[in-house]
Amino acid sequence: MATSRKDLKELKMGSFSCNACGSEGNAFSFSCAHCEFDLHIQCAKLPAKILIDKHPHELNLLFNFPYKDENVVFVCDECHGTVNRNNWVYYCSHCDFGTHSNCATGIVTQKEEANSSQSCNEYLMESTARKVEEIKAYNEAQEKLMAVTLEAQLNAKGRKAILDSIDDSESHRRYYYY
């Protein structure tokens, strides 16, 4: 399948299986209906090259499996799990070192998070708390912007009133010289 990231123009909402990392998604995705190709938003933004602590060279993002032989089993050098040949990988051809895209970037999908030691409810509570904090920060920023805007409007009206009082021809003193 030769779909590139630039061909994915449709943004859809719903359940899907990500063609980059292989995990399930249930939110917005970039999608190509013609190719039946879907990507998580974060997978669509993966960098083309990456450096990780466990390897001295840059890893290149490959959209195709690095081996032509279909009998080769590719094991992730980070988590030691088997890499699906249909998913994207980060790979160093000099050393034959490769990882799942998620292992290289540290992206944790919701499915992986729910399966970790943290319960699903705790994950949802933390996610909700983060969203509430983001909303509070947004509201505070909006209130500050409104206050600054109001202050600027009041200052402008005050300056205009002063200029109008100075400019008012009836209020000028008339001087007579004898």
Residue list for region 63-84, restricted to those being over 17 Å from Asn19 (Cβ atoms), assigned to a loop (DSSP other than H, G, I, E, B) and aliphatic (A, V, I, L, M) = Val72, Val73
Cys21: within 23 Å of Phe97 (Cα to Cα), at pLDDT 85 or above and not in a loop (DSSP other than H, G, I, E, B), yes or no?
-> no
Single match in Cys76, Cys95, Cys103 (criterion: in contact with a Ser or Thr (Cβ under 6 Å, 6 or more places away or on another chain) and not acidic (Asp, Glu)) = Cys76
Conditions (1) within 21 Å of the chain's Cα centre (by Cα); (2) modelled with pLDDT of 60 or more; (3) open to solvent by less than 50 Å² (accessible area, probe 1.4 Å); number of the one not met by Ile135 | (3)
Name the residues in region 24-51 that are more than 18 Å from Tyr91 (Cβ to Cβ), open to solvent by 50 Å² or more (accessible area, probe 1.4 Å), charged (D, E, K, R) and part of a strand (DSSP E or B), would you?
-> Glu24
Counting just the residues of region 88-108 that are touching a residue at least 60 places away in the same chain (Cβ under 8 Å) and open to solvent by less than 20 Å² (accessible area, probe 1.4 Å), which one comes out farthest from Ile50 (Cα to Cα)?
-> Trp88
Taking region 57-89 and keeping residues in contact with a Pro (Cβ under 9 Å, 6 or more places away or on another chain) and of a type in the set (Phe, Trp, Tyr) leaves Phe74
Filter region 138-161 for residues that are among the small types (Gly, Ala, Ser) and over 23 Å from the mean Cα position of the chain (by Cα); the one that is modelled with the lowest pLDDT is Ala161
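The values are calculated or read from the model by the stated rules, or taken from the named source; none is laboratory data. Values in this document were obtained by computation on a predicted structure and should not be read as measured data. Reconstructed Cβ throughout: ideal geometry from the backbone, glycine too, with neighbour counts over all protein chains shown. To get the accessible areas, we keep the full protein, side chains included, count just its heavy atoms, and leave off ligands, DNA and RNA. Shrake-Rupley method; radii C 1.70, N 1.55, O 1.52, S 1.80 Å.
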